[in-house]
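Handing you this structure, nothing more for now.
The values are calculated or read from the model by the stated rules, or taken from the named source; none is laboratory data. In this text the structure is predicted, and so the values were computed from the model without any measurement. Ideal geometry is used to build each Cβ from the backbone, glycine not excepted, and the neighbour counts take in all protein chains shown.
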């Protein structure tokens, strides 16, 4: 059977975003302002919905776990709105994972308080490989899937084992990582890279994984180090595309190790309504282009355009547009910026 479509596996989360006046010091009070929102979040919900909107003809399958509770049903109900998303393989167990997102009103910077919930138990045992016929399997987030982050004697982690098994069945693999403070990147991310075809992560995750600094002490992007970090990801096992995204732009090494980049779009004042999900939107754009067989340069530009669409709405996916509309926005902002 010829493989087609994209499977998106991993985190399925309810995000509750609270706009706050400012981030307080410990024991201080701050105020939650108007505009509390409840949206779907996580690699599965964000990336698969973005893909569904970018290309409504693309066959998509969700793999993950939600709770046996109203939040779990709410996530599934939202995903049913997209005819090209198959949710038949989503399992249900326990309490749905959720995140309370504190978003500073002026800076839009976010701080996350996460409850693992059902996501912690998602593992390869929840996947019926005989029912998976996709061309690309994308999974995220490494460091936020407890069962898959667990150690494995042969592969290093259960995540690496899963990715290896997907490859053995003829799928291309793609990974995403969550940003966290800590020293787990070397032990949890590196084993997975050995079985990864497309790696799309942000500059903080790339720096923690490779040990190559990508921001200085003043939070300025060290763009000159991007090729070094991308090359390191390739040496660690990424077979096809290594891509790093940051607020300043997208950067990548393609299958021939040629370097590509695209600066972020010049957005007009007041355009950004929220930053939740912008990284997933960038990833969806890259995956969409990769699936279509387009060049890495085209993929990074579509990723940049998709991220800009996401930034136009408070929620992670509400601002997404079709690929044609996203690229029309890209060209308009480039020409008028």
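Could you pull out the residue among 299, 284, 307, 289 that is under 12 Å from residue 53 (Cβ atoms) and either buried (at least 18 other Cβ atoms within 10 Å of the Cβ) or touching a strand residue (DSSP E or B) at 6+ places or on another chain (Cβ under 9 Å) (or both)? Explain how you work it out, then say what you get.
Working: 299 fails: under 12 Å from residue 53 (Cβ atoms); 307 fails: under 12 Å from residue 53 (Cβ atoms); 289 fails: under 12 Å from residue 53 (Cβ atoms).
Criteria check complete, one pass: 284.
(1) under 25 Å from residue 164 (Cα atoms); (2) buried (at least 19 other Cβ atoms within 10 Å of the Cβ): which one isn't true of residue 97, the others all being true?
Condition (1) is where residue 97 drops out.
For (1) touching a strand residue (DSSP E or B) at 6+ places or on another chain (Cβ under 6 Å); (2) at pLDDT below 95; (3) surrounded by fewer than 23 Cβ atoms within 10 Å (Cβ to Cβ); (4) under 24 Å from residue 94 (Cβ atoms), each residue gets a yes or a no:
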site	(1), (2), (3), (4)
2	no, yes, yes, no
10	yes, no, no, yes
31	no, no, yes, no
35	yes, yes, yes, no
50	no, no, no, no
56	no, no, yes, no
59	no, no, yes, no
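Right, here's the next one. Restricting to the range 21-69, what's the tally of residues that are at positive phi and in a loop (DSSP other than H, G, I, E, B)?
Summing the residues that are at positive phi and in a loop (DSSP other than H, G, I, E, B) in the range 21-69 gives 2.
Tell me yes or no: at least one residue of the range 213-223 is in contact with a helix residue (DSSP H, G or I) (Cβ under 7 Å, 6 or more places away or on another chain) and under 23 Å from residue 195 (Cβ atoms).
Within the range 213-223, not a single residue is in contact with a helix residue (DSSP H, G or I) (Cβ under 7 Å, 6 or more places away or on another chain) and under 23 Å from residue 195 (Cβ atoms).
Name the pairs whose Cβ atoms lie under 9 Å apart, with the first residue in the range 117-144 and on the phi > 0 side of the Ramachandran plot and touching a residue at least 24 places away in the same chain (Cβ under 8 Å), the second part of a loop (DSSP other than H, G, I, E, B) and crowded, with 19+ Cβ neighbours inside 10 Å, and 6 or more positions between them or separate chains?
So the pair list comes out as 117/67; 117/96; 143/178.
Out of 197, 254, which single residue is closer than 21 Å to residue 155 by Cβ, in contact with a strand residue (DSSP E or B) (Cβ under 7 Å, 6 or more places away or on another chain) and modelled with pLDDT of 95 or more?
Working: 254 fails: closer than 21 Å to residue 155 by Cβ.
None of the others qualify; the one that does is 197.
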